[in-house]
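> The structure is given below, and queries will be raised subsequently.
The values are calculated or read from the model by the stated rules, or taken from the named source; none is laboratory data. Note that this is a predicted model, so its numbers are computed, not measured. Because the Cβ atoms are built from the backbone with ideal geometry, glycine has one as well, and the counts that use them run over all protein chains shown.
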Amino acid sequence: MSEIAFLVSSERMFKKIKKYIDIENIIVVETTISNALEKAKKLIDEGVKVILTKLAIKIKIEDEIDIPILSIENNISDYIELLKEIDIKNNKIAFVDYIEASKSLINLTKIISNDIVFKNFTSEEECEEIVKELKNKLYTVLIGSALTKKYANKYGLKSYEVEISKDSVLMYIEIAEQIIKFTDSKKSKDRVLKSIEIMIDNYLKNEEKMEKNILDKVTMNDVEKDKLIEGLKRNAFSLSNTAKDLGMSRTTLWRKLKKFNIIIE
């Protein structure tokens, strides 16, 4: 019997989470924002005790569901992987979601482009209005929740829902298992909740450190790449002269150019 269920709104996320887990009492179900409540009720009838899902679906179903629903969130690595796939130069991009973007994410997008905007909504109606406004302003790619995807599709815009990392998936499974243990054994609620609180706190602290390290690395790579390009321009794209100008060997320069996929023809 499956006791923990992931309720996800994209086929890609469905496949990715399925690949991450190999546990008999956990299932992954694909849904849309419109039929999420129906799917959740069916899962409960089948014996599911905890549902893991993104915030938009949680808000949509939580008032009608009696079992715990955990909102799964993304870390900065998830956003980096997604942004690599998007043609940023040829698209106007907006993040549209229930929750405000983290400082780490805002800093990351500033490194990539100054034209990326962030919009937040508090209701489905407001989400639709924001999407319409962005369409009128010629934005072409929206990144956000299942609700963002719903209205992006309605108004003919490309949409992406950020996928969750393997580490985050496993962490939320562990929390769900702790909740089930409490429900089944009726142990001290305070003790179990404190344990879960500590687990989440430790995870978030580690995520914060990782995000800072990742952003530092992205920033350093960006600076190094710009330095190489400026050096090449100064020296009319001569490898020998550029290497000498930057104080490195020709071989080292060649390796760095290869690292950043800079091709000199």
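> Under the condition of being in contact with a strand residue (DSSP E or B) (Cβ under 6 Å, 6 or more places away or on another chain) and surrounded by 14 or more Cβ atoms within 10 Å (Cβ to Cβ), which residue from segment 96-116 is modelled with the lowest pLDDT?
So the residue we want is A101.
> Being surrounded by fewer than 16 Cβ atoms within 10 Å (Cβ to Cβ) and either within 20 Å of G47 (Cα to Cα) or among the hydroxyl-bearing types (S, T, Y) (or both) is the filter; apply it to segment 1-20 and report the residue that is farthest from the chain's Cα centre (by Cα). Give the derivation first.
So in segment 1-20, the residues surrounded by fewer than 16 Cβ atoms within 10 Å (Cβ to Cβ) come out as 1, 11-12, 15, 18-19.
Next, from what is left, pick out any that are either within 20 Å of G47 (Cα to Cα) or among the hydroxyl-bearing types (S, T, Y) (or both): 1, 18.
Numbers: M1: 30, K18: 17 Å.
Residue satisfying both the conditions and the ranking: M1.
> Residues of segment 37-87 being without any contact (Cβ under 8 Å) to a residue 40 or more places away in the chain and part of a strand (DSSP E or B), which ones?
Once the filter is applied, which keeps residues that are without any contact (Cβ under 8 Å) to a residue 40 or more places away in the chain and part of a strand (DSSP E or B), segment 37-87 yields I69, S71.
> While we're looking at this one, here's another question. Output the residue which, of all residues in segment 132-163 that are aliphatic (A, V, I, L, M) and free of Cβ contacts under 8 Å to residues at least 60 places away in the same chain, is surrounded by the fewest Cβ atoms within 10 Å (Cβ to Cβ). Give the derivation first.
Filtering segment 132-163 for residues aliphatic (A, V, I, L, M) gives 134, 138, 141-143, 146-147, 152, 157, 162.
When the remaining residues are screened for being free of Cβ contacts under 8 Å to residues at least 60 places away in the same chain, the result is 134, 138, 141-142, 152, 157.
Details: L134: 23, L138: 8, V141: 20, L142: 28, A152: 26, L157: 19.
Once the filter is applied, the top-ranked residue is L138.
> Among K166, K186, K89, which is the only one that is modelled with pLDDT of 85 or more and either closer than 22 Å to M13 by Cβ or surrounded by fewer than 20 Cβ atoms within 10 Å (Cβ to Cβ) (or both)?
The unique qualifying residue is K89.
> Have a look at K110, K42 and point out the one that is more than 14 Å from the chain's Cα centre (by Cα) and not assigned by TED's automatic domain parsing to the domain that holds L134. Please lay out each step first, then the result.
Working: K110 fails: not assigned by TED's automatic domain parsing to the domain that holds L134.
That would be K42, the only listed residue that is more than 14 Å from the chain's Cα centre (by Cα) and not assigned by TED's automatic domain parsing to the domain that holds L134.
> Of all helices (runs of 4 or more DSSP H) completely enclosed by segment 95-159, which ones contain at least 2 residues that are in contact with a Ser or Thr (Cβ under 6 Å, 6 or more places away or on another chain) and not hydroxyl-bearing (S, T, Y)?
Ranges flagged: 146-154.
> Tell me, yes or no, whether segment 93-101 has at least one residue that is among the charged types (D, E, K, R), on the phi < 0 side of the Ramachandran plot and not assigned by TED's automatic domain parsing to the domain that holds M13.
Yes, segment 93-101 contains at least one residue that is among the charged types (D, E, K, R), on the phi < 0 side of the Ramachandran plot and not assigned by TED's automatic domain parsing to the domain that holds M13.
> Residue check, Y79 against (1) touching a strand residue (DSSP E or B) at 6+ places or on another chain (Cβ under 7 Å); (2) crowded, with 16+ Cβ neighbours inside 10 Å, all met but one. Which one?
(1) is the only condition that Y79 fails.
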